[in-house]
Amino acid sequence: MRAPWSLPLFASLTTMAFVLVAAIPGTSTAEAEVAAPSITPGGQSVVVAGEREELPDKPGYTVTERPRSTAPASGMPDPGSAKAIALALVEKRGWGIGEYDCLVALWERESHWNVYAHNPTSGAYGIPQAMPGDKMATAGSDWKTNPETQIIWGLGYIQGRYGTPCGAWNHSQARGWY
């Protein structure tokens, strides 16, 4: 989760970099664009108006693009709930709270976190809406009733197909399904 002060700080540092570079004799605008990533927190690249311009490779500059989550913050789950189980399993995989937020939003849309959710049209079942539901038997024979079994299967499916819950959430946002 990004700190509320990070965007204004980033904007100020970027502006300052452009002003400083412009004040140095013999520095071109293209060099100013390359200078910005060197001062950004975490080595993130700058995206302006939805466009990301490729920056030339230069020693000392790391340009990375990180997927953004548009999922709302989910808050802390009730102890013992399916969401609490999911949070523990997400953390066990080394994913951060942003990935958990994406998972909560995704499965809220799919099943409202109902272990018995069933789509009569598609045959999708459970919290992750596995299609067909009996696929989840690979995670445990209690797949019809155990939220932990369903979540374990669902996280494995997401990791294999989308990489992370935010990858699945972003796909779902774009296409209406995951």
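Quick note: the coordinates plus some simple rules give every number you see, no bench work behind them. Only a predicted model underlies this, so the values are computations on that prediction, with no experimental measurement involved. Cβ atoms come from the backbone with ideal geometry, glycine included; neighbour counts cover every protein chain shown.
Tell me which residues, restricted to the range 129-178, are part of a helix (DSSP H, G or I) and charged (D, E, K, R). Explain how you work it out, then say what you get.
Residues of the range 129-178 that are part of a helix (DSSP H, G or I), as a first pass: 133-138, 147-162, 165-175.
Those that are part of a helix (DSSP H, G or I) and charged (D, E, K, R): D134, K135, E148, R161, R175.
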Item to check | Tally, over the range 151-178, of residues that are under 13 Å from the mean Cα position of the chain (by Cα), closer than 17 Å to A124 by Cβ and among the small types (G, A, S) | outcome: 2
Checklist outcome for this item: Of the listed residues (S111, S122), the one being out of contact with any helix residue (DSSP H, G or I) (no Cβ under 6 Å at 6 or more places or on another chain) and surrounded by fewer than 18 Cβ atoms within 10 Å (Cβ to Cβ) is S122
Checklist entry - In the range 138-149, is there at least one residue being in contact with a helix residue (DSSP H, G or I) (Cβ under 8 Å, 6 or more places away or on another chain), under 18 Å from S74 (Cβ atoms) and surrounded by 16 or more Cβ atoms within 10 Å (Cβ to Cβ)? => result yes
Item to check | Neighbours by Cβ (under 7 Å, 6+ apart or cross-chain): first from the range 149-178, over 17 Å from V90 (Cα atoms); second polar (S, T, N, Q) | outcome: Q173/T70; Y178/S172
Item to check | Pair list, Cβ < 9 Å and 6+ apart or interchain, from the range 116-131 residues that are over 16 Å from V104 (Cβ atoms) and free of Cβ contacts under 8 Å to residues at least 40 places away in the same chain to residues that are acidic (D, E) and loosely packed, with under 13 Cβ neighbours inside 10 Å | outcome: Y125/D134
